[in-house]
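Visitor: My questions will all concern the structure given below.
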């Protein structure tokens with residue numbers, strides 16, 4: 001094993017000191033408050049949509065589906081026009097957790113590669129991030145469905 005000379009050790013120490021100085025100081029409390037407020041506002045918007053359709057007389061199961069569709073659409077639309085990224089840079093994880101974050105995860109890679117065309121750009125990249133989530137979600141729901149099916153047969 002080669003021993004480091006004094007010059008190399010000084011360079012390493014200076015580099016580590018410089019790296020420590022240039023490291024950003026995360027403002028954890030402020031980031032948590034922002035994420036909580038913006039994530040909460042997204043959920044309030046979803047609840048308002050839900051309440052509106054209940055008030056209009058739709059069945060509750062239908063309203064759940066309608067609300068989900070509208071929230072995904074809003075997330076995709078805001079991503080497409082560039083607003084969702086600005087909200088996300090302010091709120092951080094507050095925009096990732098709600099369902100609108102899923103829409104953003106699907107649309108953002110497609111928007112990034114639109115210059116490559118609709119087939120090799122948008123269509124190929126749209127599921128870059130969301131693909132594994134969809135595969136896991138569909139796969140786990142099939143497994144849970146099979147388990148419930150056999151439990152239902154066994155109980156009867």
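The values are calculated or read from the model by the stated rules, or taken from the named source; none is laboratory data. What you are looking at is a predicted structure, and each value in this text was computed from that prediction instead of being measured. Ideal geometry is used to build each Cβ from the backbone, glycine not excepted, and the neighbour counts take in all protein chains shown.
Visitor: Within the range 87-114, track down each residue that is more than 14 Å from the chain's Cα centre (by Cα) and free of Cβ contacts under 8 Å to residues at least 12 places away in the same chain.
Guide: Hit for the range 87-114 is 114, nothing else.
Visitor: State whether one or more residues within the range 52-59 are buried (at least 16 other Cβ atoms within 10 Å of the Cβ) and touching a residue at least 12 places away in the same chain (Cβ under 8 Å).
Guide: yes
Visitor: Can we say residue 87 is more than 30 Å from residue 28 (Cβ to Cβ), outside any loop (DSSP other than H, G, I, E, B) and at pLDDT 80 or above?
Guide: Here the answer is no, as residue 87 does not meet what is asked.
Visitor: Out of all the residues in the range 93-104, is one or more within 30 Å of residue 135 (Cβ to Cβ), at pLDDT 85 or above and in a helix (DSSP H, G or I)?
Guide: No, the conditions are met nowhere in the range 93-104.
Visitor: Inspect the range 55-65 for any residue being closer than 23 Å to residue 135 by Cα and modelled with pLDDT of 90 or more and give the result as yes or no.
Guide: Yes: the range 55-65 contains one or more residues that are closer than 23 Å to residue 135 by Cα and modelled with pLDDT of 90 or more.
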